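So the structure is just underneath, and the comments pick up after that.
The values are calculated or read from the model by the stated rules, or taken from the named source; none is laboratory data. All values reported here derive from a predicted model rather than from experimental measurement. Here the Cβ is made from the backbone with ideal geometry for all residues, glycine too, and neighbour counts use every protein chain on show. All accessible areas refer to the heavy atoms of the entire protein, side chains included, with ligands and DNA or RNA removed. Shrake-Rupley method; radii C 1.70, N 1.55, O 1.52, S 1.80 Å.
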Amino acid sequence: MANQVYVEALFQEGTSQIRPSYFNAQHFSHWKVRTEIYVKSYDVKVWRVIKKSNYPLPAAAQSPADPKEIDEYTDGQIAIVQVNAKAQNLLHNAIKGDEYEKISSCDTTKEM
């Protein structure tokens, strides 16, 4: 009976191909493995960002004056911005609200 309760608590959010597993401040090693598998199946480049660091934005022939002006980005720059944003999105959506405070000030996904 005790094993059944433990297993139910471990898998309380269920499994999904649509959203990452949810970290509730318990069973970190299990969550980490499940998240790695999920992220790699989503996009291997996103896992690379989480493990190593954000991809640097490649320089364009003429850099935009305002780096937030997305209309001035090249297709290559937009692809990099998307991969970095996907990685952050996955991690933000995979944690309990209480854990958010621990990562909210991080600049890169690796810091998260």
Scan the stretch 56-71 and give yes if some residue there is modelled with pLDDT of 80 or more, surrounded by 11 or more Cβ atoms within 10 Å (Cβ to Cβ) and not acidic (Asp, Glu), otherwise no.
-> no
Look through the stretch 89-104, keep the residues that are in contact (Cβ under 8 Å) with a residue 60 or more places away in the chain and among the charged types (D, E, K, R), and return whichever of them is farthest from residue 50 (Cα to Cα).
-> 98
Within the stretch 79-111, the residues that are touching a helix residue (DSSP H, G or I) at 6+ places or on another chain (Cβ under 7 Å) and open to solvent by 50 Å² or more (accessible area, probe 1.4 Å) are 86, 110
